[in-house]
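Enquirer: Following this message is one structure expressed as C-alpha cells.
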Ligand SMILES: NC(=O)c1ccc[n+]([C@@H]2O[C@H](COP(=O)([O-])OP(=O)(O)OC[C@H]3O[C@@H](n4cnc5c(N)ncnc54)[C@H](OP(=O)(O)O)[C@@H]3O)[C@@H](O)[C@H]2O)c1
C-alpha cells in the first residue's frame with residue numbers, strides 16, 4: 001500500500017533532497033513549506049514527474065494559525081505514515097550579543113513550532129503506527145562556542161525526542177533523531193548572525209568564527225546531500241533500533257571523540273577554539 005510522508009522545510013537542502021528520494025521510492029510526499037502554493041515553481045520538475053504523488057502545503061512554524069490549519073487539513077485525510085521535522089535554521093553569535101527577539105524566533109522554529117506540529121499530528125501517527133523523524137545536528141550532542149542559541153534549540157529537540165520515543169513505544173510509533181554534520185545546503189546562507197556592536201567583547205571572535213565557517217563551507221561545497229535524503233528514507237522504511245543516527249564523517253568523528261575523550265579534555269579542546277578565534281582576530 002502506498003505510504004505518505006509529510007516533510008517540513010522541503011523547499012531546499014535536506015528537505016528537498018528527502019522529497020526527491022521518497023518520491024523515487026514510491027511514497028506520496030506532502031511538502032510543507034512557507035508560502036505554500038507560491039512555491040510551486042520550486043517543485044515544477046517533481047510535479048511533472050510525479051503529478052499524483054506530491055502535494056504542496058503551507059506551513060510557517062512561527063505561526064500557530066498556520067500549524068493549526070495544516071493539522072486540521074490533515075485530519076480530514078487518511079493518517080500519514082511518517083512525519084519528518086526537518087525545517088530549521090541557525091542563530092549564531094555570542095550570548096551577550098543575542099537579542100531576545102532573535103532567540104525566541106530560533107526556539108519558535110526549531111523547537112516550539114516543531115513540538116506543536118508534532119503534537120497535533122501524533123494521533124494520526126499512532127493510528128498508522130508510523131514513524132517520527134526529527135532533524136537535529138551533531139551540535140545537538142556536542143555544543144560549540146558562539147552557537148549557543150542554535151545548540152540549545154537542538155539540545156531541546158534531543159531531550160524532547162528521547163522522552164517522546166519512550167512515550168510512543170506502546171503505540172508502535174518509532175522515533176528517530178538524525179544528526180548531520182556540515183553539508184552545503186541553504187543553512188550557511190540563511191544563518192542569522194547576532195552581530196556584535198562595536199563595543200562588544202566578541203567582535204574579534206565572531207569575525208573569526210565567520211571566516212572559519214566560510215572556509216568550512218567552501219570545503220563542503222562539493223559534498224552531495226543525497227545521502228541525507230536517502231538516510232531519511234532508509235530510517236522510515238527499515239525502522240532500525242536506536243533513536244540517534246549520525247550522518248557525515250565530521251559528525252561521526254566528533255561523536256567518537258566526544259565518547260572516547262574524558263569530558264574535561266573535550267571541554268578544554270572546545271574552549272581552545274574560542275581562545276584561538278579571539279586571539280587570532282584581535283591582532
Ligand atoms: N546543512 C547543515 O550543515 C546542517 C547540519 C546539521 C543540521 N542541519 C539541520 O538540517 C535541517 C534542514 O536544514 P538545511 O541544512 O537543509 O537548510 P536549508 O536548506 O536552509 O533548509 C531549511 C528549511 O527550513 C525552512 N524553514 C525555515 N524557517 C521556517 C519556518 N519558520 N517555517 C517553516 N519552514 C521554515 C526553510 O524554508 P524557507 O525556504 O521558507 O526559508 C527551508 O526549507 C535544519 O533543521 C538544520 O538545523 C543542517
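What follows draws every value from the coordinates through simple rules; no lab data is involved. Here the structure is a predicted model, which means the values were calculated and not measured. Neighbour counts run over all protein chains shown; Cβ positions are idealised from the backbone, glycine included.
Enquirer: Can you compute the FRET efficiency between residue 64 and residue 162 using 1/(1 + (r/R0)^6), with r the Cβ-Cβ distance and R0 = 35 Å? Round to the nearest 0.05.
Expert: After rounding to 0.05, the efficiency reads 0.90.
Enquirer: Just the Cα atoms of the chain: what Rg and Dmax do they give in Å?
Expert: Reported Rg and Dmax, both Å: 19.3, 64.
Enquirer: So what is the 222 nm mean residue ellipticity for the chain from helices alone, if each DSSP H run of at least 4 adds -39500 (n - 2.57) and you divide by all residues, rounding to the nearest 500 deg cm²/dmol?
Expert: -15500 deg cm²/dmol
Enquirer: For region 76-234, what is the convex hull (Cα atoms) projected area averaged across all directions, in square nanometres?
Expert: 10.3
Enquirer: Once you have a ≥ b ≥ c as the square roots of the Cα gyration tensor eigenvalues for region 210-283, tell me rounded if a/c is under 1.5, and otherwise prolate or oblate according to whether a/b is larger than b/c.
Expert: Oblate, because a/c is 1.5 or more while a/b does not exceed b/c.
Enquirer: Which one of 138, 273, 54 has the biggest mean-square fluctuation once the chain is modelled by GNM with Cα springs under 10 Å?
Expert: 273
Enquirer: Anyone know which of 255, 201, 149 comes out most mobile in the 10 Å Cα GNM of the chain?
Expert: Ranking 255, 201, 149 by mean-square fluctuation puts 201 first.
Enquirer: How far is helix 148-167 tilted, in degrees, relative to the longest principal axis of the Cα atoms in the chain, given as a value from 0 to 90 rounded to the nearest 10?
Expert: Between the helix axis and the principal axis of the chain, the angle is about 40 degrees.
Enquirer: For the modelled label position 7 Å from the Cα of residue 279 along Cα-to-Cβ, which residues of region 198-214 have backbone nitrogen atoms closer than 15 Å?
Expert: 205
Enquirer: Using 1/(1 + (r/R0)^6) with R0 = 35 angstrom and r between the beta carbons of residue 195 and residue 120, what's the FRET efficiency to the nearest 0.05?
Expert: Rounded to the nearest 0.05, the efficiency is 0.50.
Enquirer: As an exercise, find the ratio Rg/Rh for region 1-117 from alpha-carbon atoms, using the Kirkwood inverse-distance average for Rh.
Expert: Taking Rh as the inverse mean 1/r over Cα pairs, Rg/Rh reads 1.02.
Enquirer: Moving to a separate point now. Can you give the extra length, in nm with one decimal, that the chain gains between residue 39 and residue 73 once fully stretched, where that is 0.36 nm per residue apart less the Cα-Cα distance?
Expert: Gain on stretching residue 39 to residue 73: 10.4 nm.
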